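The values are calculated or read from the model by the stated rules, or taken from the named source; none is laboratory data. Owing to the predicted nature of the structure, the values given are computational and were not obtained by experimental measurement. Every residue, glycine among them, receives a Cβ derived from its backbone with ideal geometry; neighbour counts consider all protein chains shown.
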Amino acid sequence: MGEIIRNNYVLHDTNTQQPLVWRMFQEQTFELIRINEFSSKPSRYKSIYLFTSLEDAQKFIDQDKRDGTNIYSVKLLDESKEVHVASMKLYERIPLNRPTFPAIEEQAVQYWKGVNNIDPVSEFKAELLTESDVIVIETIKGNE
């Protein structure tokens, strides 16, 4: 307990460790939309990604087959830092096999608006972004 976690942003395929070119393009587009239209929102490049509920964290572990992953209850170290809550599906839903710039731009705008108009509420996985470091309050075991 009490461990401080900082952003360690890396964008690569976790299996091959190769850069994901389309994801890099997508992230850059999301960042440009943020800078130009939502500049008060925290940068995805500088943020720590958190879940807003234990249920969403568990869904993420289950769906991404991250067995043995721990879930942490954390506290922001700098509560003056901006936070943003959006649907992960707005980022995940863009088809990587044939993304188009207008589709990525529209998803980015919806993401930064905090809109959840794609998924039923039951599938809404909220991610919370913050540029604050966080401190671990409690470790909760994930699936084993």
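For this structure, a couple of remarks:
- Test result for E55, farther than 15 Å from E92 by Cβ and modelled with pLDDT of 90 or more: no
- Residue within region 74-82 that is modelled with pLDDT of 85 or more, in contact with a Lys or Arg (Cβ under 9 Å, 6 or more places away or on another chain) and surrounded by fewer than 19 Cβ atoms within 10 Å (Cβ to Cβ) present: yes
- Counted residues, region 111-139 - those being at pLDDT 85 or above and either over 21 Å from K46 (Cβ atoms) or part of a loop (DSSP other than H, G, I, E, B) (or both): 7
- S40 within 24 Å of E106 (Cβ to Cβ) and over 14 Å from the mean Cα position of the chain (by Cα): yes
- Extreme residue, modelled with the highest pLDDT, among residues of region 1-29 that are over 12 Å from the mean Cα position of the chain (by Cα) and among the aromatic types (F, W, Y): F25
- Subset tally (residues that are closer than 19 Å to K41 by Cα and either modelled with pLDDT of 80 or more or of a type in the set (V, I, T) (or both)) for region 90-107: 5
- Among residues of region 96-111 that are under 12 Å from F25 (Cα atoms), those with a Cβ under 8 angstrom from a residue that is polar (S, T, N, Q) and modelled with pLDDT under 85, sequence gap 6+ or separate chain, pair up as P99/Q26; I104/Q26.
- Condition met for S47 (under 16 Å from the mean Cα position of the chain (by Cα) and at pLDDT 85 or above): yes
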